[in-house]
Each structure stands twice: as C-alpha cells, then as structure tokens.
Amino acid sequence: MSKKITIAIDGHSSTGKSTVAKQLAKELGYIYVDSGAMYRAVTLFAMRKLFVSDTNFDKEAIIRHLPFINVKFIFDDKAGFGEIYLNDENVEKEIRLLEVSQQVSKVAAIPQVRKKLVKLQQEMGKDKGVVMDGRDIGTVVFPDADLKLFMTASSETRAERRFKELKERGDNITFEQVLKNVKERDYLDTTRADSPLLKADDAIEIDNSQMDLEEQFKKVLQLAKDKIEAKA
C-alpha cells in the first residue's frame with residue numbers, strides 16, 4: 001500500500017486551483033479541502049450581518065462573532081466532493097457569488113479569522129492523504145507538505161475564465177468588473193500583513209495560461225505520483 005502524502009496547492013485567484021485539487025484528490029482517493037471556501041463562508045456570515053460591504057468594514061464585530069461561526073465540509077456523493085456548510089446550512093453556491101468575491105480578501109486578512117481557520121485546516125490534514133488549496137497552504141498551514149504547487153496565470157486569462165464561469169451560471173456581470181476584481185484580490189492577497197500570498201521556496205510553479213485542464217491535470221498527477229513513489 002503506497003504511503004499517503006500531503007499536497008498543498010497555492011496560487012492566485014481563478015487559476016483553477018480548486019478544479020485540479022478536486023481532480024487530484026479523486027484520482028488518488030484523498031480528502032479534498034477548499035480552504036478558500038472556508039474564508040468565503042466567514043465572509044458570507046459577515047455580509048449577512050452587515051459587518052462588511054462596499055461601504056462598511058466592521059472588523060471588530062467580525063472578530064467578536066467568530067465563536068458563533070461554525071464552518072465544515074460534508075461529503076456529497078452526487079457532487080463527488082465535500083460541500084461547505086456555514087452553521088449547518090449548505091452555502092456552496094452562495095459563497096461563489098461575485099459579491100462575496102469582492103469582500104473575501106478583506107475578511108481573510110483579519111489575523112483572528114486566519115488563526116481560527118488555519119487551526120481547522122491543520123486538523124483536517126493531520127493524517128495526510130489530503131489535497132488542500134488556498135493562498136497560504138504551503139507556507140503557513142502545511143509548511144512541511146510533501147508536495148507544494150503554486151498556480152499562476154496572467155490576470156487577463158484568469159478574468160476570462162472567471163467571466164465565462166459566471167456568465168454560464170447566469171450572473172449579470174461585465175468582463176471589466178471581473179478583471180477589476182481579479183486585480184484587486186491579487187493586490188490584497190499579496191500585500192496583507194498576515195500570511196500574504198507567497199510562493200514557498202520549495203513549491204513547483206505552474207503557469208497554466210496556455211494549458212487546458214487535461215494538460216494541467218496530467219502534469220500535476222505525475223508530480224504527485226513521483227512524490228508518492230519516492231515516499232514508498
């Protein structure tokens with residue numbers, strides 16, 4: 001029986017981290033954890049309480065309410081992966097809305113929020129056999145991960161992908177709005193004081209600007225298999 005490893009996938013927004021992480025986890029029979037969904041769920045909670053919006057950001061109120069925020073994943077056979085639940089409510093679809101995307105980087109920059117969620121993420125991955133994607137998985141959550149990947153692509157390419165995804169879902173949105181959001185999130189993610197988005201020194205960078213999903217998956221799967229073989 002092959003040894004299980006921990007796989008950390010970091011990178012910019014809309015680089016397809018979640019897609020390839022889900023594919024990889026399914027192929028290897030590993031647990032998949034979308035850490036970004038956890039930050040989005042906390043952001044959704046804050047938005048519903050009116051603690052965060054385009055004109056308001058009540059950081060202290062969010063911190064005070066952290067004990068009342070319960071975030072977990074429940075595996076869905078139909079979807080083939082764990083869906084995110086906020087206080088026992090499935091919010092998998094709601095957290096993907098652009099309105100949440102526009103606020104999540106602000107909420108994710110709060111140290112107390114990061115501390116709470118990092119602890120949960122580390123607990124989820126303590127037995128290995130996990131694929132986790134996010135912004136600080138290889139640098140903060142699992143600095144000793146067996147395989148670290150850093151996904152990137154041009155901001156225009158990422159905006160095009162995200163725009164197509166949102167339009168197919170029926171969202172009334174313009175490409176310019178999506179591109180603006182991608183660039184703003186890049187800035188906030190890379191400049192925040194606590195756990196900024198960084199490429200770990202031992203991470204393998206994958207620029208998928210010119211790759212399709214199949215090419216990307218084949219490359220990542222081979223990297224994982226090589227690492228698992230080396231551990232056996």
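The values are calculated or read from the model by the stated rules, or taken from the named source; none is laboratory data. Everything quoted here is computed from the prediction, not taken from an experiment. Here the Cβ is made from the backbone with ideal geometry for all residues, glycine too, and neighbour counts use every protein chain on show. Heads up: the accessible areas ignore ligands, DNA and RNA and are worked out on the full protein's heavy atoms, side chains in. Shrake-Rupley method; radii C 1.70, N 1.55, O 1.52, S 1.80 Å.
His65 meets each of the listed conditions (1) without any contact (Cβ under 8 Å) to a residue 40 or more places away in the chain; (2) under 15 Å from the mean Cα position of the chain (by Cα) apart from (2).
Scanning the stretch 168-225 for residues that are among the charged types (D, E, K, R) and farther than 19 Å from Asp136 by Cα gives Glu168, Arg169, Asp171, Glu176, Lys180, Asp212, Glu214, Glu215, Lys218, Lys219, Lys225.
Whenever a residue of the stretch 71-98 is under 16 Å from Thr19 (Cβ atoms), its partners that are acidic (Asp, Glu) and open to solvent by 40 Å² or more (accessible area, probe 1.4 Å), lying with C-beta atoms within less than 8 angstrom and at least six residues away or across chains, give the pairs Gly82/Asp76; Glu83/Asp76.
Only one entry of Lys225, Lys167 meets the criterion of being part of a helix (DSSP H, G or I) and either more than 29 Å from Tyr30 (Cα to Cα) or touching a strand residue (DSSP E or B) at 6+ places or on another chain (Cβ under 9 Å) (or both), and that entry is Lys167. For the stretch 179-200, check the following and say yes or no: at least one residue is surrounded by fewer than 18 Cβ atoms within 10 Å (Cβ to Cβ) and in contact with a strand residue (DSSP E or B) (Cβ under 7 Å, 6 or more places away or on another chain). Checked the stretch 179-200: at least one residue is surrounded by fewer than 18 Cβ atoms within 10 Å (Cβ to Cβ) and in contact with a strand residue (DSSP E or B) (Cβ under 7 Å, 6 or more places away or on another chain).
When only residues in the stretch 203-225 that are out of contact with any Lys or Arg (no Cβ under 8 Å at 6 or more places or on another chain) and aliphatic (A, V, I, L, M) count, which is surrounded by the fewest Cβ atoms within 10 Å (Cβ to Cβ)?
First, the residues of the stretch 203-225 that are out of contact with any Lys or Arg (no Cβ under 8 Å at 6 or more places or on another chain): 207-210, 212-225.
Subset that is aliphatic (A, V, I, L, M): 213, 220-221, 223-224.
Details: Leu213: 12, Val220: 24, Leu221: 15, Leu223: 16, Ala224: 20.
Within the stretch 203-225, the match that is surrounded by the fewest Cβ atoms within 10 Å (Cβ to Cβ) is Leu213.
Residue check: Thr6 meets all listed conditions (1) of a type in the set (S, T, N, Q); (2) modelled with pLDDT under 95; (3) crowded, with 22+ Cβ neighbours inside 10 Å but one, namely (2). Note on the stretch 25-47: among residues that are crowded, with 22+ Cβ neighbours inside 10 Å and of a type in the set (D, E, K, R), the one that is farthest from the chain's Cα centre (by Cα) is Arg40. Criterion applied to Arg169, Arg162 was being within 16 Å of the chain's Cα centre (by Cα) and more than 21 Å from Lys231 (Cβ to Cβ), and the one residue passing it is Arg162.
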